[in-house]
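Written out below as structure tokens is the structure these notes cover.
The values are calculated or read from the model by the stated rules, or taken from the named source; none is laboratory data. Remember, it's a predicted structure, so these values are computed and weren't measured experimentally. In this analysis, Cβ positions are derived from the backbone assuming ideal geometry, glycine residues included, and neighbour counts consider all displayed protein chains.
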Amino acid sequence: MDKERTITLFGNRQAQRCHARNRSGNQCRNAVARGDGGSVCRYHGHGGGPKTPEGRQRCAEAKTIHGKETRAIRQRRSELSRELYELEVVGRELGLITGPKSPGRKPKTD
């Protein structure tokens, strides 16, 4: 299949068409983001992330997963979970805790 070069927007405007293909082989129906020489739309990777080593480093340090949760927050939660697990084990050995164990995975031990 040949790639279509342009797509009509708003009935009368021509724009360069995204060159990305979907799983069935059809071409994306979106226009290329901002006519700055790119070949794909914003949904298929326009921009491409930081270009300089400093920018890549800042991006790596600022990475978050699931919103505002940083690596430090996840690390702290992991430490608290490990501590809670150890307290639960000690409580069971002393007979202070009975019943089912706390749900969830056991924290990794270093």
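Could you say which residue among GLU61, GLU69, GLU83 is modelled with pLDDT under 80 and surrounded by 11 or more Cβ atoms within 10 Å (Cβ to Cβ)? Step through it out loud before you land on a result.
Values: GLU61 fails: surrounded by 11 or more Cβ atoms within 10 Å (Cβ to Cβ); GLU83 fails: modelled with pLDDT under 80.
Within the list GLU61, GLU69, GLU83, the selection yields GLU69.
Test each condition in (1) modelled with pLDDT of 85 or more; (2) touching a strand residue (DSSP E or B) at 6+ places or on another chain (Cβ under 9 Å) for ARG29 and report the one that comes out false.
Answer for ARG29: the failing condition is (1).
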